[in-house]
Amino acid sequence: MKIKVGDKVKVITGHYKGTIGEVKAVGHKSEKVIVEGVNIIKKHIKPTQQNPDGGIVEQEAPIHVSNVMIYDGRSKKVGRVGYKFEDGKKIRINKKTGKEIKGGKKK
């Protein structure tokens, strides 16, 4: 998967179309990503010793990686992720702008 944690992405389809956010988590097997502020759901939490009140919590749910594209904040354009070799290192680039993609925290 070419999208990594920490990348800025734009949602290109669905209810949250046009929303820009940062990737918080990536599920490689399920090919889904969790984007900050996108696909908000309400989850009912049972009371526990740590959370005696319980209640309803809003949180982000995963969306399929095909519904997001990498976003370049400087040129304000979305594009696909490509690769090129520079000084013997493989770097990710935005194919539309040709610029290197910053971000993508290593785990």
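The values are calculated or read from the model by the stated rules, or taken from the named source; none is laboratory data. Keep in mind the model is a prediction, meaning the values are calculated, not measured. Because the Cβ atoms are built from the backbone with ideal geometry, glycine has one as well, and the counts that use them run over all protein chains shown. Protein only, heavy atoms only, side chains kept; ligands, DNA and RNA dropped before computing areas. Shrake-Rupley method; radii C 1.70, N 1.55, O 1.52, S 1.80 Å.
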Computed on Cα atoms, the radius of gyration and Dmax of region 42-107 in angstrom are 19.5, 56
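Could you work out the relative contact order of the chain, using alpha carbon pairs under 8 angstrom and six or more residues apart, expressed as a whole percent? Display every interim value, and only then the final one.
On the way: 208 pairs, mean separation 26.9, N = 107.
So the answer I get is 25 percent.
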If unit charges are put on Cβ atoms (+1 for Lys and Arg, -1 for Asp and Glu) and the dipole of the chain is taken about its Cα centre, the option from Val9, Pro62, Thr48 lying farthest towards the positive end turns out to be Val9
Quick check: pseudo-label points 7 Å beyond the Cα along Cα→Cβ at Lys24 and Lys90, how many nm apart are they?
3.0
Rounding to the nearest 20 debye, state how big the charge dipole of the chain is about its Cα centre with +1 on each Lys and Arg Cβ and -1 on each Asp and Glu Cβ.
560
Using θ = phi - 60° and the Karplus relation 6.51 cos²θ - 1.76 cosθ + 1.60, list the HN-Hα couplings for region 59-74 in order, rounded to whole Hz, with x at every Gly or Pro.
8, 7, 9, x, 10, 5, 5, 6, 8, 10, 10, 5, 10, 9, x, 6
Work out from phi, with θ = phi - 60° and the Karplus expression 6.51 cos²θ - 1.76 cosθ + 1.60, the ³J(HN,Hα) of each residue of region 29-40, listed in order in whole Hz, and give x for Gly and Pro.
5, 7, 6, 10, 10, 10, 10, 4, x, 10, 6, 6
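Provide the three semi-axes, in whole Å and in decreasing order, of the ellipsoid equivalent to region 8-90 as defined by the square roots of 5 times the Cα gyration tensor eigenvalues.
33, 16, 11
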Would you list the P(r) distribution for region 28-73, with all Cα-Cα distances sorted into 5 Å bins from 0 and each bin expressed as a whole %?
5, 18, 18, 17, 14, 12, 8, 5, 2
Give me the orientation-averaged projected area of the Cα convex hull of region 1-48, in nm², one decimal.
4.6
Which value, in Å², gives the accessible area per residue of the chain when a 1.4 Å probe is used on the protein heavy atoms?
71
